[in-house]
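I have placed the structure first, in the form of C-alpha cells, so that the comments after it can refer back to it.
The values are calculated or read from the model by the stated rules, or taken from the named source; none is laboratory data. Quantities reported herein were computed from a predicted structural model and do not represent experimental measurements. Every residue, glycine among them, receives a Cβ derived from its backbone with ideal geometry; neighbour counts consider all protein chains shown.
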Amino acid sequence: MTDGFRAVYGTEPTGVWAAPGRVNLIGEHTDYNDGFVMPFALPHATLAAVSPRTDGLLRVHSASGEVPGDIVELALDDLAPGRRDGWADYPAGVLWALRDAGHAVTGADLHFVSDVPHGAGLSSSAAIEVVTALALNELYELGLAGWQLARLCQRAENVYVGAPTGIMDQTASACCTAGHALFLDTRDLTQRQVPFDLAAHGMRLLVVDTRVQHAHSDGEYGKRRAGCEAGAAALGVPALRDVPHDGLEEALGRIEDDEVRPLVRHIVTENHRVERVIELLSQGGVRAIGPVLTEGHASLRDDFRISCPELDLVVDTALASGAIGARMTGGGFGGSAIVLVDSDAADTVTKSVQEAFAAAGYAAPRVFTAVPGAGARRAR
Ligand code: ADP
Ligand code: MG
C-alpha cells in the first residue's frame with residue numbers, strides 16, 4: 001500500500017486504513033423502511049493509503065478503478081451533487097458530505113486498493129466511502145463515531161452519487177466486528193453484535209457471486225423505494241416498519257394499488273424473518289435459520305421482484321443438491337447469493353452450482369466461504 005502511494009504521489013502516506021465489504025444474512029430492502037437488517041463484514045476490504053493536504057485539493061487514485069493509473073484531481077470547492085467524475089464520485093461524495101456537515105477538511109491524497117468485487121452486491125461502494133471517511137476522521141481529528149461516519153457516507157451515496165440506498169451497507173462496513181453478525185435497527189441505529197460462528201456448528205455460508213452486474217442508480221431500486229413509501233402513506237404509518245406482522249393481512253386489505261401490496265408484504269415479512277433469525281440464533285438453532293433464508297428468497301423473487309434467473313438458479317440448484325437454505329443477498333438484479341451448507345456438503349453444492357451455470361451458458365460464478373471479519377480500522 002505504502003509503495004503504491006509512493007509510486008502514484010511520490011511521497012509517503014500518513015497512514016493506511018481499511019474498510020470491508022459485507023454480506024447480508026437477512027433483512028433485504030428493509031433499511032429504507034426503518035426496519036431490521038443483519039449483515040456481517042467480509043474479509044474482503046478496500047484499503048486506502050492517505051495523506052492530508054492543506055490546499056483545498058482532493059486527489060484520488062485507485063488500483064482497481066475504471067481507468068486504472070489515472071489520478072483524479074478535484075478542488076473541494078467545486079464538489080457538488082450532480083458532478084460526474086466516474087468512480088471518484090464515491091470518495092469525492094464523502095469529502096463533500098463531511099464539509100457540508102461543517103467539518104474543516106482541507107484536502108487529501110488517497111490511493112485505494114481493493115479486493116471487494118465491484119457491483120457484486122457485496123458493497124464495494126460502502127467500503128470505499130467508509131475507508132475514506134474513517135481516514136479523514138482520524139487525520140483531521142473529527143471525533144466521529146462509526147454510526148456517524150455511516151450516516152455521512154450514506155448521504156454521500158444518496159445525495160452526491162445519486163443512489164437511493166439505505167443505511168445498512170455503510171453501517172456494516174463501519175461497525176461490524178469479527179466473529180459476529182450485526183443486528184441493526186435502522187430506525188434509531190441501535191446495534192447488537194450477534195455471535196455467528198458457523199464452523200463451530202459444522203456449517204458454512206457460501207457466497208456465490210453470479211457476476212451479473214447490478215446498477216443501483218438505474219431506477220429499479222428507486223422504484224421499489226418509492227413503492228414502499230407509497231405503501232406506508234396508504235397505511236398512514238411513518239414507515240413500513242410500523243406495520244405489525246400479525247396485522248399484515250388486515251393492512252394488505254387496505255392497499256388498493258396491486259403493485260404496492262406485494263412490496264408491503266415483503267417488507268413486513270422480511271422484518272419478521274430478521275426477528276426469527278435473531279431468536280433462533282439466540283437459542284442455538286443455527287440450522288433452523290436455513291428455511292427462513294429460503295423463504296426470504298421467495299419473497300424477494302415473487303413479491304419484491306428483484307431477483308434474476310442467475311440468482312434463482314443458484315438458490316434452486318443449491319437447495320436441490322443439499323443446501324440448508326439459500327437466498328439472494330444485497331440490492332438485487334444480479335450480484336450475489338448466499339448458501340448455508342453443512343461443511344461436508346460445501347464441495348458438492350459448489351460443484352452443482354458451477355455445473356448448472358455451465359449448462360445454462362452463464363459465466364462461471366465466483367464462490368467463496370464467508371467468515372465474519374472485522375469492520376473499518378486503521379491498518380498502519
Ligand atoms: P457494490 O456496492 O455492490 O459493489 P455499487 O454499484 O454500489 O456496487 O458500487 C460499485 C462502484 O463503486 C464501482 O462501479 C466503482 O465506481 C466504485 N468503487 C468501489 N470500490 C472501488 C475501488 N476500490 N476503486 C474504484 N472504484 C470503486
Ligand atoms: Mg453499493
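With respect to (1) modelled with pLDDT of 95 or more; (2) small (Gly, Ala, Ser); (3) not in a helix (DSSP H, G or I), the lone exception for GLY331 is condition (1).
Looking only at residues of segment 218-262 that are within 16 Å of ligand 2 (Cβ to nearest atom) and surrounded by 13 or more Cβ atoms within 10 Å (Cβ to Cβ), we find that the one that is nearest to the chain's Cα centre (by Cα) is TYR221. Among the residues of segment 156-176, those that are away from ligand 2 (no atom under 13 Å from the Cβ) and more than 15 Å from the chain's Cα centre (by Cα) comprise VAL159, TYR160.
Take the conditions (1) within 26 Å of the chain's Cα centre (by Cα); (2) assigned to a helix (DSSP H, G or I); ILE306 misses just one of them, which is (2).
Of all residues in segment 181-207 being closer than 14 Å to VAL371 by Cα and within 16 Å of the chain's Cα centre (by Cα), which is nearest to ligand 2 (Cβ to nearest atom)? So the residue we want is VAL207.
Return the residue satisfying two criteria in turn: it lies in segment 208-217 and is within 16 Å of ligand 2 (Cβ to nearest atom) and of a type in the set (A, V, I, L, M, F, W, C), and of such residues it is nearest to LYS351 (Cα to Cα). Applying the filter and picking the extreme gives VAL212. Scanning segment 88-121 for residues that are at pLDDT 95 or above and in contact with an Asp or Glu (Cβ under 7 Å, 6 or more places away or on another chain) turns up TYR90, ALA92, GLY93, VAL94, GLY107.
When you look at PRO43, is it over 30 Å from ALA232 (Cα atoms), buried (at least 19 other Cβ atoms within 10 Å of the Cβ) and modelled with pLDDT of 95 or more, yes or no? The answer is no for PRO43.
From the residues in segment 294-326 that are charged (D, E, K, R) and without any contact (Cβ under 8 Å) to a residue 60 or more places away in the chain, which one is surrounded by the fewest Cβ atoms within 10 Å (Cβ to Cβ)?
Here is the first cut: in segment 294-326, the ones charged (D, E, K, R) are 295, 301-303, 305, 310, 312, 316.
Then drop every residue that is not without any contact (Cβ under 8 Å) to a residue 60 or more places away in the chain, which leaves 295, 301-303, 305, 312, 316.
Working: GLU295: 18, ARG301: 19, ASP302: 12, ASP303: 17, ARG305: 15, ASP312: 15, ASP316: 14.
My answer is ASP302.
Evaluating ALA156 against the criteria (1) outside the structural domain of GLY284 (by TED's automatic domain parsing); (2) at pLDDT 95 or above; (3) surrounded by fewer than 18 Cβ atoms within 10 Å (Cβ to Cβ) leaves one unmet condition, (3). Could you say whether any residue in segment 9-26 is within 30 Å of GLY296 (Cβ to Cβ) and of a type in the set (Lys, Arg)? Scanning segment 9-26, I find at least one residue that is within 30 Å of GLY296 (Cβ to Cβ) and of a type in the set (Lys, Arg), so the answer is yes. GLY82 passes every criterion in (1) in a strand (DSSP E or B); (2) at pLDDT below 95 apart from (1). Filtering segment 169-189 to residues that are surrounded by fewer than 21 Cβ atoms within 10 Å (Cβ to Cβ) and either polar (S, T, N, Q) or over 18 Å from GLU275 (Cα atoms) (or both) leaves THR177, ALA178, GLY179. Selection of strands (runs of 3 or more DSSP E) fully inside segment 1-77 by the criterion of at least 3 residues being free of Cβ contacts under 8 Å to residues at least 60 places away in the same chain and in the same structural domain as ASN137 (by TED's automatic domain parsing) returns 57-62, 72-75.
In segment 369-380, the residues that are closer than 9 Å to ALA19 by Cα reach residues that are in a loop (DSSP other than H, G, I, E, B) with C-beta atoms within less than 7 angstrom, at least six apart or across chains, in these pairs: ALA374/THR177; ALA374/ALA178; GLY375/CYS176; GLY375/THR177.
Listed here are the strands (runs of 3 or more DSSP E) enclosed by segment 166-212 that have at least 2 residues being of a type in the set (A, V, I, L, M) and under 16 Å from ARG22 (Cα atoms): 180-185, 203-209. Considering only segment 117-142, state which residues are within 10 Å of ligand 2 (Cβ to nearest atom) and either in contact with a helix residue (DSSP H, G or I) (Cβ under 6 Å, 6 or more places away or on another chain) or at negative phi (or both). Listed by number, the residues that qualify are HIS118, ALA120, LEU122, SER123, SER124, SER125, ALA126, ALA127, ILE128, GLU129.
Checked against the criterion of being in contact with a Leu (Cβ under 7 Å, 6 or more places away or on another chain) and among the basic types (Lys, Arg), the candidates ARG192, ARG155, ARG204 yield just one match: ARG204. Pairs linking a residue in segment 118-144 that is away from ligand 1 (no atom under 14 Å from the Cβ) to a residue that is small (Gly, Ala, Ser) and not in a helix (DSSP H, G or I), with Cβ atoms under 6 Å and 6 or more positions apart or on different chains, are LEU134/ALA376.
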